[in-house]
Amino acid sequence: MEASRRWGDDRAILDDDEARARLLDAAGRCIVRRGDTAIRMAEVSDEAGVSRSTLYRYFPGRDDLLLGLILRRIDNALSNLVAGLRHPGDPHRCLPEIVLVPVFSVDQDPVDPLNQALFAAGSSALATVLELGSEPIAEVLLRHYGPLLARWRGAGRLYDDIDDRSVVEWLHTTSLFLLGPSWRHRTPADKRRFVDRFLVRALVPQIRQ
């Protein structure tokens, strides 16, 4: 046990990516074990086999830890989502897919226990983290969606008076709304109509026949 703790007790790991990855992996295991996001920093440090001072060196609080976990999952998920878009040149088709695929995965992916625990009814901390982390989340969204937005904008498929940051903020806000208590359990058809009516129409000029 002492050997496994040495990387945290003796000094800070200089490879920050490796250290953060190990700590986030430990946080994920704790969340799955509890079934919600009500984890304590002490249990995460124990799970990772490090001192609490090491954990706090990389993540000053639980919200920072949860946000780091969410950002990593968003980053990985968006890589696959963008690569799998069936009509990348058509924002009318892509925007609903971009918003709804992650939303639907929350309730339709029972094989992902971490996803289920993060969005469990008792995971009230997550809503706060998603709101507080809107800026870094927007940066991740911009990194993945920026080339798509540039393509659509160059083809005249987005309104010129809405900048890219505003677009990804709207995408994020729409996802949060659909995952909220009032809409989370609405039907997929209802959610699709909402996205088409209030997001796509606001971003994409209508093609006149």
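In this structure, does residue 143 turn out to be modelled with pLDDT of 90 or more, over 15 Å from the mean Cα position of the chain (by Cα), loosely packed, with under 15 Cβ neighbours inside 10 Å and more than 22 Å from residue 27 (Cα to Cα)?
Working: modelled with pLDDT of 90 or more: yes; over 15 Å from the mean Cα position of the chain (by Cα): no; loosely packed, with under 15 Cβ neighbours inside 10 Å: yes; more than 22 Å from residue 27 (Cα to Cα): yes.
Against the criterion (modelled with pLDDT of 90 or more, over 15 Å from the mean Cα position of the chain (by Cα), loosely packed, with under 15 Cβ neighbours inside 10 Å and more than 22 Å from residue 27 (Cα to Cα)), residue 143 does not qualify.
Which of (1) touching a Pro at 6+ places or on another chain (Cβ under 8 Å); (2) under 18 Å from residue 72 (Cβ atoms); (3) of a type in the set (A, V, I, L, M, F, W, C) is the odd one out, the single condition residue 204 does not satisfy?
(2)
Here are some residues: 127, 120. Which one is more than 20 Å from residue 97 (Cα to Cα), open to solvent by 50 Å² or more (accessible area, probe 1.4 Å) and of a type in the set (A, V, I, L, M, F, W, C)?
Values: 120 fails: open to solvent by 50 Å² or more (accessible area, probe 1.4 Å).
Only one candidate passes the filter, namely 127.
Are there any pairs with C-beta distances below 8 angstrom linking a residue in the range 178-206 that is free of Cβ contacts under 8 Å to residues at least 12 places away in the same chain and aromatic (Phe, Trp, Tyr) to a residue that is surrounded by 15 or more Cβ atoms within 10 Å (Cβ to Cβ) and assigned to a loop (DSSP other than H, G, I, E, B), with the two at least 6 apart or on different chains, and if so which?
Pairs that qualify, where the first residue is free of Cβ contacts under 8 Å to residues at least 12 places away in the same chain and aromatic (Phe, Trp, Tyr) and the partner is surrounded by 15 or more Cβ atoms within 10 Å (Cβ to Cβ) and assigned to a loop (DSSP other than H, G, I, E, B): there are none.
Does residue 17 count as out of contact with any Lys or Arg (no Cβ under 6 Å at 6 or more places or on another chain), part of a helix (DSSP H, G or I) and at pLDDT 90 or above? First the steps, then the outcome.
Values: out of contact with any Lys or Arg (no Cβ under 6 Å at 6 or more places or on another chain): yes; part of a helix (DSSP H, G or I): yes; at pLDDT 90 or above: no.
No, not satisfied.
Hey, among 38, 42, which residue is in a loop (DSSP other than H, G, I, E, B) and open to solvent by 10 Å² or more (accessible area, probe 1.4 Å)?
Working: 42 fails: in a loop (DSSP other than H, G, I, E, B).
One residue alone meets the criteria, 38.
If I filter the range 60-76 for residues that are out of contact with any helix residue (DSSP H, G or I) (no Cβ under 9 Å at 6 or more places or on another chain), loosely packed, with under 14 Cβ neighbours inside 10 Å and farther than 17 Å from residue 172 by Cβ, do I get at least one hit? Can you show your working first?
Here is the first cut: in the range 60-76, the residues out of contact with any helix residue (DSSP H, G or I) (no Cβ under 9 Å at 6 or more places or on another chain) are 60, 76.
Filter once more, keeping what is loosely packed, with under 14 Cβ neighbours inside 10 Å: 60, 76.
In the following step, the residues that additionally are farther than 17 Å from residue 172 by Cβ were identified as 60.
The answer is yes, given that some residue of the range 60-76 is out of contact with any helix residue (DSSP H, G or I) (no Cβ under 9 Å at 6 or more places or on another chain), loosely packed, with under 14 Cβ neighbours inside 10 Å and farther than 17 Å from residue 172 by Cβ.
Specify the residue that is modelled with the highest pLDDT; the eligible residues are those in the range 164-209 that are part of a loop (DSSP other than H, G, I, E, B) and either among the hydroxyl-bearing types (Ser, Thr, Tyr) or crowded, with 17+ Cβ neighbours inside 10 Å (or both).
Going residue by residue through the range 164-209, those that are part of a loop (DSSP other than H, G, I, E, B) are 180-187, 204-209.
Narrowing the set further to residues that are either among the hydroxyl-bearing types (Ser, Thr, Tyr) or crowded, with 17+ Cβ neighbours inside 10 Å (or both) leaves 182, 187, 204.
Numbers: 182: 86, 187: 93, 204: 96.
Looking at residues that are part of a loop (DSSP other than H, G, I, E, B) and either among the hydroxyl-bearing types (Ser, Thr, Tyr) or crowded, with 17+ Cβ neighbours inside 10 Å (or both), I get 204.
Among the residues of the range 46-60, are any β-branched (Val, Ile, Thr) and touching a residue at least 60 places away in the same chain (Cβ under 8 Å)?
So far as the range 46-60 goes, no, none of its residues is β-branched (Val, Ile, Thr) and touching a residue at least 60 places away in the same chain (Cβ under 8 Å).
Could you grab the pairs with beta carbons closer than 9 Å, sequence gap of 6+ or different chains, first residue in the range 14-38 and in contact (Cβ under 8 Å) with a residue 24 or more places away in the chain, second one polar (S, T, N, Q) and exposed (fewer than 14 other Cβ atoms within 10 Å of the Cβ)?
So the pair list comes out as 36/124; 37/124; 38/124.
Within the range 84-103, is even one residue β-branched (Val, Ile, Thr), surrounded by fewer than 18 Cβ atoms within 10 Å (Cβ to Cβ) and at pLDDT below 85? So that I can check it myself, show each step before the final result.
First, pick out the residues of the range 84-103 that are β-branched (Val, Ile, Thr): 98-99, 101, 103.
Filter once more, keeping what is surrounded by fewer than 18 Cβ atoms within 10 Å (Cβ to Cβ): 101.
Filter again for at pLDDT below 85, leaving none.
Within the range 84-103, not a single residue is β-branched (Val, Ile, Thr), surrounded by fewer than 18 Cβ atoms within 10 Å (Cβ to Cβ) and at pLDDT below 85.
Give the residues of the range 133-163 that are assigned to a loop (DSSP other than H, G, I, E, B) and closer than 22 Å to residue 73 by Cα, sorted by residue number. Before the answer, list the steps.
So in the range 133-163, the residues assigned to a loop (DSSP other than H, G, I, E, B) come out as 133, 155-163.
Hit for the range 133-163 is 133, nothing else.
Name the residues in the range 49-69 that are assigned to a helix (DSSP H, G or I) and in contact with a Gly (Cβ under 7 Å, 6 or more places away or on another chain), would you?
Keep residues of the range 49-69 that are assigned to a helix (DSSP H, G or I), which gives 52-58, 62-69.
Within the range 49-69, 54, 67, 69 qualify.
The values are calculated or read from the model by the stated rules, or taken from the named source; none is laboratory data. Note that the structure is predicted; figures quoted are calculated from it, not measured. Ideal geometry is used to build each Cβ from the backbone, glycine not excepted, and the neighbour counts take in all protein chains shown. Side chains included, ligands, DNA and RNA excluded: accessible areas come from the protein's heavy atoms. Shrake-Rupley method; radii C 1.70, N 1.55, O 1.52, S 1.80 Å.
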